[in-house]
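Since every read-out is calculated from the coordinates, none of them should be taken as a lab result. Note that the structure is a prediction, hence the values are computed from the model and not measured. Here Cβ is always computed from backbone atoms with ideal geometry, including for glycine, and neighbour counts include all displayed protein chains.
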Amino acid sequence: MDEVAQKDPLASFGFIGANMENETEIYTKRFRVYERYTTSYFDTKHFEHHVNYAKSAYLLVNRRQLEERPTLLDEIVEGFKELYPYFD
């Protein structure tokens, strides 16, 4: 993500920490690992951090892009719903 952010200063990111076998989708192990890296490497000055622990989902919304497109967060959430039917 850091490489993409350097190439595209308006990039936003998101991920879902998939659950392992015999693990629910709530606050998964993968999510906890990814969350730790995300909070360490992406500051709140440049990105809004949005977390959904129930779905192990994380969004990093670029603040500059959000200023230009106020509906961006809603658009991203709708995209997640299209890609992941259980996200609704």
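What value, in deg cm²/dmol to 500, does the helix sum -39500 (n - 2.57) over DSSP H runs of n ≥ 4 give at 222 nm once divided by the residues of the chain? If you can, show how the numbers build up before the last one.
Values: 4 runs with 37 residues, N = 88.
It lands at -12000 deg cm²/dmol.
The angle between the Cα long axis of helix 29-41 and the main principal axis of the chain comes to about 20°, on a 0 to 90 degree scale.
Diagonalising the gyration tensor over the Cα atoms of the chain and scaling each eigenvalue by 5 before taking the square root yields semi-axes of 23, 16, 10 Å, largest first.
Quick one: plug the Kirkwood hydrodynamic radius of the range 8-50 (C-alpha pairs) into Stokes-Einstein at 10 °C, 1.306 mPa s, and report D in µm²/s. Write down the numbers at each step before the final one.
Numbers: Rh = 11.7 Å.
Estimated diffusion coefficient is 136 µm²/s.
Positive end of the dipole of the chain (Cβ unit charges, origin at the Cα centre): among TYR84, PHE31, LEU59, the Cα lying farthest that way belongs to PHE31. Here is the list for the chain: chymotrypsin sites (Phe, Trp or Tyr not before Pro) lying in DSSP coil, each with at most 16 other C-beta atoms within 10 angstrom of its C-beta, are TYR53. Couplings 3J(HN,Hα) of the range 74-80, computed from phi: 4, 5, 5, 4, 4, x, 4 Hz, in residue order, whole Hz [Karplus 6.51 cos²θ - 1.76 cosθ + 1.60, θ = phi - 60°; x for Gly and Pro]. In terms of its C-alpha gyration tensor, the range 45-84 comes out oblate, because a/c is 1.5 or above while a/b does not outweigh b/c.
Restricting to Cα pairs below 8 Å that are 6+ residues apart, what does the relative contact order work out to for the chain? Please round to a whole percent. Show your work: numbers first, answer last.
On the way: 98 pairs, mean separation 23.5, N = 88.
The value is 27 percent.
The distance between label points at ASN52 and ALA11 comes to 2.3 nm (points 7 Å beyond Cα on the Cα→Cβ vector).
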